[in-house]
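Report on one structure; see the data block that follows.
Read the figures in this text as sums done on the coordinates, not as results from a lab. Just so we're clear, the structure is a prediction, and the values are computed from it rather than from any experiment. All Cβ positions, glycine included, derive from the backbone under ideal geometry; neighbour counts span all protein chains shown.
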Amino acid sequence: MPYTVEDEQRSQSEYSPGIVKDKEDLLRTVFNPEHMRDGEVIETAIPLEDLKSRGFSVDRKQYAQKNILQQRIEYQMGRLPEKRQSGLIVRLQCGAVRNLHDENGERAFIVIDTALKENIAHASICSATDRGRGALRKLRSLLLPYLQTRYSLEEIFS
């Protein structure tokens with residue numbers, strides 16, 4: 001596991017605008033039909049490997065740029081056009097994600113500032129502790145309800 005709870009209190013990037021605060025909104029792109037069934041986002045939209053080590057990539061809304069998100073959506077749709085016919089944005093509140101707990105009452109997720117040179121808004125959601133695949137599946141189900149309300153880029157940036 002590359003990150004710990006302590007890592008939330010310091011930036012992981014020289015390009016960072018600062019640590020991610022609880023009050024911030026986070027944005028994530030989901031694709032239809034790849035991440036959706038019967039109008040709902042499905043669990044596989046949250047890769048277990050992302051929660052375990054890579055980080056579930058999100059953008060910090062206050063630093064996000066519409067053109068960067070649009071380019072990412074277009075690029076990802078071009079890679080798998082049959083699975084990615086449209087891209088929508090979900091909005092998560094950082095504090096709500098940090099306040100989720102597993103069945104043992106332990107903190108489920110951390111949100112880390114992982115700004116990139118080409119995208120200072122980049123952040124990552126990871127499991128707060130090292131967990132096996134079964135436990136990660138349970139964590140993923142905690143996060144899934146926060147991905148159900150979807151917006152267009154225009155709605156996010158209006």
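Could you pull out the residue among Leu26, Leu116 that is over 19 Å from Leu153 (Cα atoms) and of a type in the set (A, V, I, L, M)?
On the way: Leu26 fails: over 19 Å from Leu153 (Cα atoms).
Every option except Leu116 fails the conditions.
Residues of region 15-28 being crowded, with 18+ Cβ neighbours inside 10 Å and among the basic types (Lys, Arg), which ones?
Within region 15-28, the first condition is being crowded, with 18+ Cβ neighbours inside 10 Å, and the residues that meet it are 16, 20, 24, 26-28.
If the condition is that a residue be crowded, with 18+ Cβ neighbours inside 10 Å and among the basic types (Lys, Arg), then Arg28 is the only one that fits.
Looking at the structure I just gave you, is Gln12 part of a helix (DSSP H, G or I) and either surrounded by fewer than 18 Cβ atoms within 10 Å (Cβ to Cβ) or not aromatic (Phe, Trp, Tyr) (or both)? In short, no. In region 86-126, the qualifying residues are those that are hydroxyl-bearing (Ser, Thr, Tyr) and buried (at least 21 other Cβ atoms within 10 Å of the Cβ), and the one that is farthest from Met36 (Cα to Cα) is Thr114. Please tell me if Gly78 is over 13 Å from the mean Cα position of the chain (by Cα), more than 28 Å from Lys138 (Cβ to Cβ) and in contact (Cβ under 8 Å) with a residue 60 or more places away in the chain. The answer is no for Gly78.
Name the residues in region 98-149 that are closer than 15 Å to Thr4 by Cα and within 13 Å of the chain's Cα centre (by Cα), would you?
Arg98, Phe109, Ile110, Val111, Ile112, Asp113, Thr114, Ala123, Ser124, Ile125, Cys126, Ser127
Tell me, yes or no, whether region 40-48 has at least one residue that is of a type in the set (Asp, Glu), more than 20 Å from Glu154 (Cβ to Cβ) and in a loop (DSSP other than H, G, I, E, B).
Filtering region 40-48 for residues of a type in the set (Asp, Glu) gives 40, 43.
In the following step, the residues that additionally are more than 20 Å from Glu154 (Cβ to Cβ) were identified as 40, 43.
Adding the requirement that they be in a loop (DSSP other than H, G, I, E, B) leaves none.
No, every residue in region 40-48 fails to be of a type in the set (Asp, Glu), more than 20 Å from Glu154 (Cβ to Cβ) and in a loop (DSSP other than H, G, I, E, B).
Return yes when Thr29 is of a type in the set (Ser, Thr, Tyr) and without any contact (Cβ under 8 Å) to a residue 12 or more places away in the chain and no when it is not. Criteria not met by Thr29. Comparison of Val97, Val58, Val111, Val90 shows that the only residue that is within 17 Å of Lys138 (Cβ to Cβ) and either part of a strand (DSSP E or B) or not charged (D, E, K, R) (or both) is Val97.
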